[in-house]
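The values are calculated or read from the model by the stated rules, or taken from the named source; none is laboratory data. Computed from a predicted structure; not experimentally measured. With ideal geometry, Cβ positions are generated from the backbone for all residues, glycine too; neighbour counts draw on all protein chains shown.
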Amino acid sequence: MKTSLPAPSSREIAALRARLVDADATLHAIRNGEVDAVIGSGRQGQVFMLAGAEHAYRMLIESMHEGALTLTADKMILFANQCFARMVKCPLEEVTGGSFRRFLSVTDRTLLRPLMKRAANTGSKLQVQLHATDGSLVPAQLSIRELANEGSKDVIIGMVVTDMTASRRTEALLRALTHRVVQVQEAERGQVAAELHDNITQLLCAVLMRSQTLADQLAISNGPARDEALLLRKLLGQTAAEVERITRNLRPGVLELLGLDAVLRTTSTEFTARTGVAVKLACVVLTARLPADTELALYRILQEALKNVQKHARARQVSVQLTRQRASVRLIIQDDGIGFDSEHPPVKRGSSSGLGLLGMRERAAYVGGVLSIKAARRAGTKITVSMPLPSTPKTSTPSDL
Ligand SMILES: Nc1ncnc2c1ncn2[C@@H]1O[C@H](COP(=O)(O)OP(=O)(O)O)[C@@H](O)[C@H]1O
Ligand SMILES: [Mg+2]
């Protein structure tokens, strides 16, 4: 039998419409995080507290200058603050309930997956590019941590999203500045080298020749004076050689001329002659030149590292190794000296001390390389620097030089 419902009266329609508007407003408020609790419409008017809904806590989250999110394990956004919505240029009500994946590239999604799994135990960080809805990219750091969700087996992930735009800009600025400092330093070194070569070395050579003439002219009978003149000549010879060495270090013309392998060899030989510390050198033979910037950076890093060995290490031996991977070249300088606490390198006040290690890192970073320092007290120091190579110049098999 067919029963037809009586048509609702206009009063009932108005009441239903009002409830619909009410429900819509409630949903909107929940999505925007403006609600602390929902009172059920059942007989007892049951109260459902919304997770994390304490007012003060929400105020804190909203006043943060970082994005804050809670997500399900499959990256559905349960809660987001306004800051995150602004970051991705998307209305909050559209963010909430949607997937976090839409704001990530395919690569970043792949990187995020294992981190979400590990978030329970460790809390993880990831650098990503957020894809905002207007097509712009926002560099951001995600800090992920699983939140305790007592009484529920569902996993809730908490995420703090830090906009890195400003810090990236500052980093770029600092890098440019450091590069400028390095450029100026190189230019000044070149100038000093030219002055030394054009003036001091010429003068020293002239004095050296005169002292030889003086020694020749002094009669054999005038023994002590002649010996003194010969000693003077010898000292002047040593001085000229030292000035020549300093000039060469200041402006490594030999680097431009002969390339990195040759300079590694002469630098190591000279170091042993000067300090008595043996250098074990193992290099690939580079059959093609590296980019000039890379060669200079590697040479300056070696110089600085050897200077540190001489000044601080009390080492008996240093090993210098140059190897070539497919798309990079690696230089390792390792000594067997006293080492130091590389987590907290000693800082000496009132001098330029402490800039050596920093300078090495910056030189490497500027040409896209990475420098790592492994040192421990009484366990020597190992400096490893890897430089990427633009193309693939061929090298022969490794051989000791
Ligand atoms: N090869 C090394 N062996 C032992 N200590 C080292 C070595 N290299 C660096 N250090 C320590 O690290 C500190 C910082 O080095 P660096 O930045 O080059 O500054 P500086 O050489 O001017 O003191 C040094 O003062 C020294 O204590
Ligand atoms: Mg130093």
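Of all residue pairs spaced 6 or more apart or on separate chains, those with beta-carbon atoms under 6 Å, a first member in the stretch 295-316 that is closer than 11 Å to T275 by Cβ and a second member that is part of a helix (DSSP H, G or I) and near ligand 1 (Cβ under 7 Å from one of its atoms) are A315/V309. For the stretch 64-117, enumerate the residues that are touching a residue at least 12 places away in the same chain (Cβ under 8 Å) and of a type in the set (K, R). Residues satisfying the conditions are K75, K89, R101, R102. Every listed requirement among (1) within 30 Å of R314 (Cα to Cα); (2) assigned by TED's automatic domain parsing to the domain that holds A297 is met by T287 save one, (1). Might you check whether a residue that is part of a helix (DSSP H, G or I), at pLDDT 85 or above and among the hydroxyl-bearing types (S, T, Y) occurs anywhere in the stretch 211-218? The answer is yes, given that some residue of the stretch 211-218 is part of a helix (DSSP H, G or I), at pLDDT 85 or above and among the hydroxyl-bearing types (S, T, Y). The helices (runs of 4 or more DSSP H) found wholly in the stretch 235-320 and carrying at least 1 residues that are over 27 Å from the mean Cα position of the chain (by Cα), within 16 Å of ligand 2 (Cβ to nearest atom) and farther than 18 Å from E186 by Cβ occupy 260-275.
Confirm whether I220 is surrounded by fewer than 12 Cβ atoms within 10 Å (Cβ to Cβ) and either free of Cβ contacts under 8 Å to residues at least 60 places away in the same chain or not assigned by TED's automatic domain parsing to the domain that holds K307 (or both). Before you say what the answer is, go through the steps one by one.
Numbers: surrounded by fewer than 12 Cβ atoms within 10 Å (Cβ to Cβ): yes; either free of Cβ contacts under 8 Å to residues at least 60 places away in the same chain or not assigned by TED's automatic domain parsing to the domain that holds K307 (or both): yes.
So I220 fits the description; yes.
Restricting the first member to the stretch 339-365 and to residues that are not assigned by TED's automatic domain parsing to the domain that holds E186 and assigned to a loop (DSSP other than H, G, I, E, B), and the second to residues that are within 10 Å of ligand 2 (Cβ to nearest atom) and modelled with pLDDT under 65, no beta-carbon pair is closer than 7 Å while six or more apart or on different chains. Going by the structure shown, is R326 modelled with pLDDT of 90 or more and more than 16 Å from ligand 2 (Cβ to nearest atom)? Judged against the criteria, R326 is not a match.
Of all positions in the stretch 330-345, at least one carries a residue that is closer than 24 Å to V181 by Cα, within 13 Å of ligand 1 (Cβ to nearest atom) and at pLDDT below 90. Scanning the stretch 265-297 for residues that are among the aliphatic types (A, V, I, L, M) and farther than 25 Å from V243 by Cβ gives A278, L281, A282, V284, V285, L286, A288, L290, A292, A297. Being of a type in the set (D, E, K, R) and in a loop (DSSP other than H, G, I, E, B) is the filter; apply it to the stretch 60-76 and report the residue that is surrounded by the most Cβ atoms within 10 Å (Cβ to Cβ). Among residues in the stretch 60-76 that are of a type in the set (D, E, K, R) and in a loop (DSSP other than H, G, I, E, B), the one surrounded by the most Cβ atoms within 10 Å (Cβ to Cβ) is K75. For L331, the conditions (1) within 15 Å of A364 (Cβ to Cβ); (2) within 16 Å of ligand 2 (Cβ to nearest atom) all hold with the exception of (2).
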